[in-house]
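A short reminder: the numbers here are calculations on the coordinates, not readings from a lab. The structure presented is a predicted model; accordingly, all values stated were derived computationally and were not measured. When we count neighbours, we look across all protein chains shown, and the Cβ atoms used for this are built from the backbone with ideal geometry, even at glycine.
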Amino acid sequence: MVLLAQISGFLGSGKTSSIIRMATEAQKKGLKTAVIVNEIGDVDVDGEFVKSSGLKAKRILGGCICCSLGADLVSTIKIVVEEFNPDVIFVEPTGVALPSQVKRFFVQASYLVPGLEFSPTVALVDGVRFRSLLAEFKDFLTKQARDAEILALTKIDRIDKKFDLPLIISALSEMRPGTRVIGVSSVTGEGVPELLGAILGGRIALESEANSAQDDSVAASGVGNADFYGILRSGRDLDDKAIRAFVSEVIEAMGRKCVEKTGRILGHIKAFGESEGKGFKASMVDLATGVEFSGDLPKSWKELKLSLFMALEGFGSEEMRSYLKETIREMCKKYGLSVEDLHHQHHD
């Protein structure tokens, strides 16, 4: 038997870090795990970070598995089962996916892969940005929440547990009455065993909905996206501070441009870098918090493979791509780096 666990949630809610925590915990229990990561764009950030964490992963790029790439999800599930023989497959849709539509493709996969079981669907909710997201994306967040059997409130290590936490839990209970709400932190590990236990201990029955319409979740979200994939090279040895500075400046420049256009950041800007066998992730959801790094940054480097992806509401994709290209060029000039654009080349 293979358990399929969908871990959904809006952009920047902490899906990847939560999955890494849970998959690692599941392995400690003797379970074999694998991860399927979906990105709207053509560049893989989260899948590479998952692999650098020592987990088996497959990626699906260039659209959303709840609509345009549903058939790819079905075939990828079959490949993962045959290649990795896992006990549990964690599926991470894009941040704009509708969980109910992903479930439909789970059912289709069960026709091809005997022995598939389905865990309760988890929808992650960003506790730090809950109020701002609710103000701007209430209908979309409510759709995601109502499609889930478990709501996981993330980043609780940064929430006032006396005042804010009870209010957010109350609001979530109104969005999805009767649904279990679990607070988690991928930083401290708080709540992760409870969430994993709920996933491993529960089973749901899924039925195919004949002739049911599928919403284009990317279009419905109003989110634009842009990405970069390339190799940065330096003629001299640079340290980890240089990586932090370069990546932070690029991400923050895109964030400021978004604020200039829309007055706020609603979405996610993230990057994965790899050099000297070390991989790291950088992520930002608002300028106040800034860029957060996780993983291993090389202490010395001359060549850095960098994947960068952003999905932002109210920022057109074409304009975003143009500004990102210009920003990369300016920052490379500032830091004395050459850049090889690999965006249109295949990469694993």
> Along the charge dipole of segment 223-341, Cβ charges K/R +1 and D/E -1, which of I328, F309, A226 sits furthest on the positive end?
Replying inline: I328
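Between V259 and T24, what length in nm is gained on full extension when 0.36 nm per residue of separation is reduced by their alpha carbon distance? Don't skip to the answer; put the middle values down first.
Values: separation 235, 0.36 × 235 = 84.60 nm, distance 3.66 nm.
Full extension from V259 to T24 adds 80.9 nm.
Which of the residue pairs K270/K302; K51/K325; K51/K261 have a Cα-Cα distance greater than 30 Å in the structure shown?
Details: K270/K302 22 Å; K51/K325 27 Å; K51/K261 35 Å.
Beyond 30 Å between Cα atoms: K51/K261.
Taking only DSSP H segments of four or more residues, each worth -39500 (n - 2.57), what value at 222 nm results for the chain once the sum is divided by all its residues, to the nearest 500 deg cm²/dmol?
Working: 10 runs with 136 residues, N = 348.
Taken over the chain, the calculation gives -12500 deg cm²/dmol.
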> Hey, rough spin-label estimate for D239 and T179, points 7 angstrom out along Cα→Cβ, what's it come to in nanometres?
Replying inline: 4.7 nm
> Under 18 Å Cα-Cα from K103, which lysines qualify once same-chain neighbours fewer than 8 residues away are excluded?
Replying inline: K15, K78, K143
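Assuming 1.002 mPa s and 20 °C, estimate D for segment 251-348 with Stokes-Einstein, Rh taken as the Kirkwood radius over Cα pairs, in µm²/s. Display every interim value, and only then the final one.
On the way: Rh = 14.6 Å.
The Stokes-Einstein estimate is 147 µm²/s.
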> What is the calculated FRET efficiency for E340 to R146, with r their C-beta to C-beta distance and R₀ = 51 Å, to the nearest 0.05?
Replying inline: 0.65
> About its Cα centre, what dipole magnitude does the chain give when the only charges are +1 on Lys and Arg Cβ and -1 on Asp and Glu Cβ, stated in debye to the nearest 20?
Replying inline: 600 debye
> Along the three principal axes, how long is segment 2-218 when you take its alpha carbons, biggest first, rounded to the nearest angstrom?
Replying inline: 48, 41, 34
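Rank these for me by crowding, T142, T33, going from fewest to most other beta carbons within 10 Å. Provide the component values of the computation, followed by the final result.
Numbers: T142 14, T33 23.
Lowest count first: T142, T33.
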